[in-house]
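Visitor: The structure is given below, and queries will be raised subsequently.
The values are calculated or read from the model by the stated rules, or taken from the named source; none is laboratory data. Being a predicted model, the structure only gives us computed values, none of them experimental. So basically every Cβ, Gly included, is an ideal-geometry build from the backbone, and we count neighbours across all protein chains shown. Ligands, DNA and RNA are stripped out before the accessible areas are found, and what is left, the full protein with its side chains, is counted by its heavy atoms. Shrake-Rupley method; radii C 1.70, N 1.55, O 1.52, S 1.80 Å.
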Amino acid sequence: IIFDVGANKGQSIKRFLKIFPKAEIHCFEPIKNNYLFLKENFNSENIILNNFAIGQNNGIKRFYINAKSSTSSFNKLTKNTRWLKLRSKENNKEINTFTTDSKKIVLKSLDYYCKKNNIKKIDILKIDTQGYEDKILLGSKNILKNNIISVIELEMIFDNVYKKYSTFTDIERNLLKNNYRFAGIETCNNNLFEGILFFGDLIYMKKGILKKHLKNN
């Protein structure tokens, strides 16, 4: 059972299905056009599509939609960065029009979603939400505490593309006390002062899961 938070246009769905072809994947994508794309291209009873965002609490929050949809976020972009100049040019946009729209969208917490749908196990929780990962983990306190999630894969952006960014302290606030440990990182660039974006995909595992994995390998 896999949760894909920030499904965008199904990049992670394809990756997971290649490894786990029979997986049950719960996808969360707040942008309506992306959701309709997923609905058209991933029509399977094993893939559950949800057209809302995941956050700390249930509610409504303003969401900023960018010309490159995978960069859309609850966080506003920082103006005049090298990253924004390049992405604007790639998408034939002026810097001040790269954010094409903002909408109030529905959020639900993972605690709420799992309780409502009677989900007792998540093998992999993937979160890619452009700096909103810490809020999603804050809305997952119960399922983290109750050992429902085995592995967490999330993105952390280290530079100033967005006005708000997370730190390891933000991310690990509810992970370390619930016996998760940092198990790996894959970085894009390896220096904050080089390239146009410095981020990493982080892996956290329940301590027992990591010990079992190391023993089997």
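Visitor: Run through segment 1-84 and list the GluC sites (Glu not before Pro) located in a DSSP loop whose Cβ has at most 10 other Cβ atoms within 10 Å. Provide the component values of the computation, followed by the final result.
Guide: Details: sites: GLU24, GLU40, GLU45; in loops: GLU24, GLU45.
Passing both the DSSP loop test and the Cβ count: GLU45.
Visitor: Starting from the residue with the highest accessible area, list ASP159, ASP4, ASP201 in decreasing order, probe 1.4 Å. All intermediate terms of the calculation are to be shown ahead of the outcome.
Guide: Working: ASP159 20, ASP4 0, ASP201 55 Å².
Of ASP159, ASP4, ASP201, the descending order of accessible area is ASP201, ASP159, ASP4.
Visitor: Would you kindly state how much longer the chain becomes between LEU36 and LYS104 on full extension, computed as 0.36 nm times their sequence separation minus their alpha carbon distance, in nm to one decimal?
Guide: On the way: separation 68, 0.36 × 68 = 24.48 nm, distance 1.82 nm.
Value of the extension gain: 22.7 nm.
Visitor: Turning to a different aspect of this structure: Sequence-distant or interchain residues sharing an amide H contact under 5 Å with ILE25, placed H: which?
Guide: For ILE25, the qualifying residues are ILE2, ILE47, ILE48.
Visitor: Where does each of PHE182, PHE28 land when they are ordered by accessible area, with a 1.4 Å probe and the largest first? Can you show the working numbers first?
Guide: Values: PHE182 80, PHE28 5 Å².
Reading off the accessible areas and sorting them downward yields PHE182, PHE28.
Visitor: Now for a separate question. To one decimal place, what Kirkwood hydrodynamic radius in Å is obtained for segment 82-155 from all pairs of distinct Cα atoms? Mind dumping the intermediate values first?
Guide: On the way: mean 1/r = 0.0673 Å⁻¹.
Evaluated on segment 82-155, it is 14.9 Å.
Visitor: Given the Cα-Cα distance of ASP201 and GLN11 and 0.36 nm per residue of separation, how much length would full extension add, in nm?
Guide: Numbers: separation 190, 0.36 × 190 = 68.40 nm, distance 1.45 nm.
The ASP201-GLN11 span can extend by a further 67.0 nm.
Visitor: Further question on the same structure: Which sequence of TYR165, TYR204 reflects their accessible areas, 1.4 Å probe, from the largest down?
Guide: On the way: TYR165 115, TYR204 0 Å².
Output order, biggest surface exposure first: TYR165, TYR204.
Visitor: Using only the alpha-carbon atoms, how far is helix 207-216 inclined from the longest principal axis of the chain? Give it as 0 to 90 degrees, nearest 10.
Guide: The helix 207-216 is inclined about 80 degrees to the chain.
Visitor: Next question. As a test of the formula, what do you get for the chain when each DSSP H run with n ≥ 4 contributes -39,500 (n - 2.57) and the sum is divided by the residue count, at 222 nm and rounded to the nearest 500 deg cm²/dmol?
Guide: Working: 8 runs with 61 residues, N = 217.
Theoretical 222 nm ellipticity from helices: -7500 deg cm²/dmol.
Visitor: Summing +1 for each Lys or Arg and -1 for each Asp or Glu, what net charge is found among the other residues whose Cβ lies under 15 Å from the Cβ of GLU186?
Guide: Details: positive: ARG15, LYS126; negative: ASP128, GLU153, GLU155, ASP201.
Combined, the nearby Lys, Arg, Asp and Glu give -2.
Visitor: Which of THR99, THR78, ALA53 sits farthest toward the positive end of the charge dipole of the chain, with +1 on the Cβ of Lys and Arg and -1 on the Cβ of Asp and Glu?
Guide: So the residue we want is ALA53.
Visitor: At 0.36 nm per residue, minus the direct Cα-Cα distance, what do LYS163 and GLU90 gain on full extension? Give it in nm, one decimal, please.
Guide: Working: separation 73, 0.36 × 73 = 26.28 nm, distance 2.15 nm.
Roughly 24.1 nm would be gained on extension.
Visitor: Something else: What translational D, rounded to a whole number of µm²/s, comes out for segment 1-137 from Stokes-Einstein when the hydrodynamic radius is the Kirkwood one over Cα pairs, at 37 °C and 0.692 mPa s? Don't skip to the end; give the middle numbers.
Guide: Working: Rh = 15.8 Å.
The estimated diffusion coefficient comes to 208 µm²/s.
Visitor: Taking the Cα centre of the chain as origin, sum charge times position over the Cβ atoms of Lys and Arg (+1) and Asp and Glu (-1), and report the length of that vector in debye to the nearest 20. Please report the intermediate quantities before stating the final value.
Guide: Numbers: 38 positive and 21 negative charges, 102 e Å.
Around 480 debye, computed over the chain.
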